[in-house]
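Beneath this line is the structure, given in structure tokens, with notes to follow.
The values are calculated or read from the model by the stated rules, or taken from the named source; none is laboratory data. It should be emphasised that the depicted structure is a prediction, and the values quoted were computed from it without experimental measurement. Here the Cβ positions follow ideal geometry from the backbone for every residue, glycine too, while neighbour counts run over all protein chains shown. Side chains included, ligands, DNA and RNA excluded: accessible areas come from the protein's heavy atoms. Shrake-Rupley method; radii C 1.70, N 1.55, O 1.52, S 1.80 Å.
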Amino acid sequence: DHVIMVQFPRDLYVDIPGQSKDRINAALQFGRSRLVQTVERLTGLEINRYAQINIAGFRDLVDKIGGVDVCVPEPIPFDEATGIEIPPEEVGMVHFDGERALRFVRSRAFFTGDFERIQNQQKFLAAAINKVASVGTILRPDRVRGMLQIAGDNLRTDDKTTINGLIGMARRIARAGVEVPV
């Protein structure tokens, strides 16, 4: 009844099974199973499910649910790499459409670099999961059909994970709440 999101800095050096030591995000180039093995070895946890969405799918899913509101407590200066900027007058609850959400979760132009990017991703994912699992989304057949279409085109999972299983997991997460470690 409890979900905790954990992310790793993409430049974290780890042992990749069957390969040399490299950045954790390099493990995916050897396939999903190698990435899962890498994370299992790093954490000592068994990974039971795997889901990966591409950038276009992320953007399109955010747009399909009508965007996501996230609390941004401080201005974000213009980031040349992503084009995101949150000026002082916009601080507070900020609405993100798909394109702007993509820029927000990818930005690393912060004093703490990847660590603040991870916190922003976690806040965004928690808000997005809560919106996807909300009555306002679930009771809108057009949104559900659209999300399923986008997921079918852009989501890759392990052999045991189905779209219905992901929907059920989103509902369980929404009921339990998502803890975002700081």
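Quick check on my filter: what residues within the stretch 89-105 are part of a helix (DSSP H, G or I), closer than 22 Å to PHE115 by Cα and open to solvent by 50 Å² or more (accessible area, probe 1.4 Å)?
GLU99, ARG100, ARG103
Do the conditions hold for PHE30, that is, is it at pLDDT 90 or above and in contact with a Ser or Thr (Cβ under 9 Å, 6 or more places away or on another chain)?
The answer is yes for PHE30.
Does the stretch 113-120 include one or more residues that are assigned to a loop (DSSP other than H, G, I, E, B) and of a type in the set (S, T, N, Q)? Quick ask: steps written out before the conclusion?
So the first thing to find is which residues in the stretch 113-120 are assigned to a loop (DSSP other than H, G, I, E, B), and the list is 113.
From what's left, of a type in the set (S, T, N, Q): none.
No, every residue in the stretch 113-120 fails to be assigned to a loop (DSSP other than H, G, I, E, B) and of a type in the set (S, T, N, Q).
Does ARG34 satisfy the condition of being open to solvent by less than 80 Å² (accessible area, probe 1.4 Å), over 18 Å from ASP114 (Cα atoms), of a type in the set (Lys, Arg) and within 18 Å of the chain's Cα centre (by Cα)?
Details: open to solvent by less than 80 Å² (accessible area, probe 1.4 Å): yes; over 18 Å from ASP114 (Cα atoms): yes; of a type in the set (Lys, Arg): yes; within 18 Å of the chain's Cα centre (by Cα): no.
No.
Identify the single condition in (1) exposed (fewer than 15 other Cβ atoms within 10 Å of the Cβ); (2) assigned to a helix (DSSP H, G or I); (3) out of contact with any Pro (no Cβ under 9 Å at 6 or more places or on another chain) that ARG41 does not satisfy, given that it satisfies every other one.
If we test ARG41 against (1) exposed (fewer than 15 other Cβ atoms within 10 Å of the Cβ); (2) assigned to a helix (DSSP H, G or I); (3) out of contact with any Pro (no Cβ under 9 Å at 6 or more places or on another chain), just (3) comes out false.
How many residues does the stretch 44-79 contain that are surrounded by 13 or more Cβ atoms within 10 Å (Cβ to Cβ) and on the phi > 0 side of the Ramachandran plot?
Total meeting the criteria: 2.
If only one of THR161, THR157 is open to solvent by less than 20 Å² (accessible area, probe 1.4 Å), under 23 Å from VAL6 (Cα atoms) and in contact (Cβ under 8 Å) with a residue 60 or more places away in the chain, which one is it?
Details: THR157 fails: open to solvent by less than 20 Å² (accessible area, probe 1.4 Å).
That would be THR161, the only listed residue that is open to solvent by less than 20 Å² (accessible area, probe 1.4 Å), under 23 Å from VAL6 (Cα atoms) and in contact (Cβ under 8 Å) with a residue 60 or more places away in the chain.
Just wondering, is there one or more residues in the stretch 61-80 that are among the basic types (Lys, Arg), assigned to a loop (DSSP other than H, G, I, E, B) and either touching a residue at least 24 places away in the same chain (Cβ under 8 Å) or more than 29 Å from THR137 (Cα to Cα) (or both)? So that I can check it myself, show each step before the final result.
Going residue by residue through the stretch 61-80, those that are among the basic types (Lys, Arg) are 64.
Checking the rest, the ones that are also assigned to a loop (DSSP other than H, G, I, E, B) come to none.
There is no residue in the stretch 61-80 that is among the basic types (Lys, Arg), assigned to a loop (DSSP other than H, G, I, E, B) and either touching a residue at least 24 places away in the same chain (Cβ under 8 Å) or more than 29 Å from THR137 (Cα to Cα) (or both).
So the check is Cβ under 7 Å with 6+ separation or different chains; which pairs have a first residue in the stretch 26-50 that's touching a residue at least 24 places away in the same chain (Cβ under 8 Å) and a second one that's surrounded by fewer than 11 Cβ atoms within 10 Å (Cβ to Cβ) and not in a helix (DSSP H, G or I)?
Short answer, once both residue conditions are applied: ARG49/LYS160.
Spot the failing condition for LYS131; the list is (1) under 25 Å from GLY168 (Cα atoms); (2) open to solvent by 70 Å² or more (accessible area, probe 1.4 Å); (3) assigned to a helix (DSSP H, G or I), and only one is missed.
Here LYS131 meets the rest and fails (2).
Filter the stretch 145-154 down to the residues that are over 18 Å from the mean Cα position of the chain (by Cα) and free of Cβ contacts under 8 Å to residues at least 24 places away in the same chain, then identify the one that is least open to solvent (accessible area, probe 1.4 Å). Write out each step before concluding.
Initial filter on the stretch 145-154 (over 18 Å from the mean Cα position of the chain (by Cα)): 145-146, 149.
With free of Cβ contacts under 8 Å to residues at least 24 places away in the same chain added as a condition, the list becomes 145, 149.
Working: ARG145: 157, GLN149: 109 Å².
That would be GLN149.
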